[in-house]
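*Asks:* Below is one structure. I have some questions about it.
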Amino acid sequence: MPPLLRTVSSARASGALREQLGPSTGGASANRSSPPQANVLAGVRLRGDDACVKVTTVAASTTAVRTFRCRRCGHEQDAEVVGLGEGVQSFLNASGTAERRAAEDAQRGLDRTIARARCPSCKLRNPGVMAGFAGVFVAIAAGTMLVAIVLGFYPTWSEMNMSEHDKAICRWLMPAIFGGVLAIVLPIELLKRWPRDAYVRWLPPR
């Protein structure tokens, strides 16, 4: 069989989308909403005579009006909010799946953004918002490292036919590999999703 040929294609998101990028849960009613705009960020295609794999990632943004309610001082105010979303599809999905998922995620992004916004009156975020935001990443990190530890100790616990030296290597190698991946991926995802007040434009009080 001829070797697989790999082609990596990417399309840059528009300048307007890049200014709006960065997600931010909660929410309120929408008064108006612009149609989500989708941009293909990256596609990876592996092709051979008997194999074809395609993965497409799409980013979308939408703008709508949301009502912010502060649980600290009771202030309420409408704001024009930018919602951001991402969608992924593989060769197993129907055409347009990534765009649809990105548009749906952008709608949810509207609520994420307004829920994590700073109150225009007291300048504070709603209580528990940032704890819940960070808690997701802590749970992912803890769960991943737990899996790594179990995999590392499995040869020892199962009395696998391995030398004691190899079992000792597994005990530290698996956590080291998983921990290294987390150290790279988590900060990137955290920065991508960090609340950005620039995506909230406060409207004059009613």
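The values are calculated or read from the model by the stated rules, or taken from the named source; none is laboratory data. All figures in this text were calculated on a predicted structure; none of them were measured in a lab. Here Cβ is always computed from backbone atoms with ideal geometry, including for glycine, and neighbour counts include all displayed protein chains.
*Asks:* Go over the candidates Asn31, Asn93 one by one and state the one that is modelled with pLDDT under 90, in a loop (DSSP other than H, G, I, E, B) and in contact with an Asp or Glu (Cβ under 9 Å, 6 or more places away or on another chain). Give the steps one after another, and end with the answer.
*Replies:* Values: Asn93 fails: in contact with an Asp or Glu (Cβ under 9 Å, 6 or more places away or on another chain).
On inspection, the qualifying residue turns out to be Asn31.
*Asks:* From Ala139, Ala102, which residue is in a helix (DSSP H, G or I), at pLDDT 90 or above, of a type outside the set (S, T, N, Q) and in contact with a Pro (Cβ under 8 Å, 6 or more places away or on another chain)?
*Replies:* Ala102
*Asks:* A follow-up question, please. With respect to the numbered conditions (1) within 25 Å of Gly85 (Cα to Cα); (2) outside any helix (DSSP H, G or I), which one is the sole condition not fulfilled by Glu189?
*Replies:* Going through the list (1) within 25 Å of Gly85 (Cα to Cα); (2) outside any helix (DSSP H, G or I), Glu189 breaks only (2).
*Asks:* Working only within region 143-158, note down all residues that are in a helix (DSSP H, G or I), surrounded by fewer than 11 Cβ atoms within 10 Å (Cβ to Cβ) and of a type in the set (Gly, Ala, Ser).
*Replies:* Gly143
*Asks:* Something else now. Arg125: charged (D, E, K, R) and touching a Gly at 6+ places or on another chain (Cβ under 7 Å), yes or no?
*Replies:* Details: charged (D, E, K, R): yes; touching a Gly at 6+ places or on another chain (Cβ under 7 Å): no.
For Arg125, the condition - charged (D, E, K, R) and touching a Gly at 6+ places or on another chain (Cβ under 7 Å) - is not met.
*Asks:* For region 133-142, which residues satisfy the criterion of being surrounded by 13 or more Cβ atoms within 10 Å (Cβ to Cβ) and under 30 Å from Arg69 (Cβ atoms)?
*Replies:* The answer is Phe133, Val136, Phe137, Ile140.
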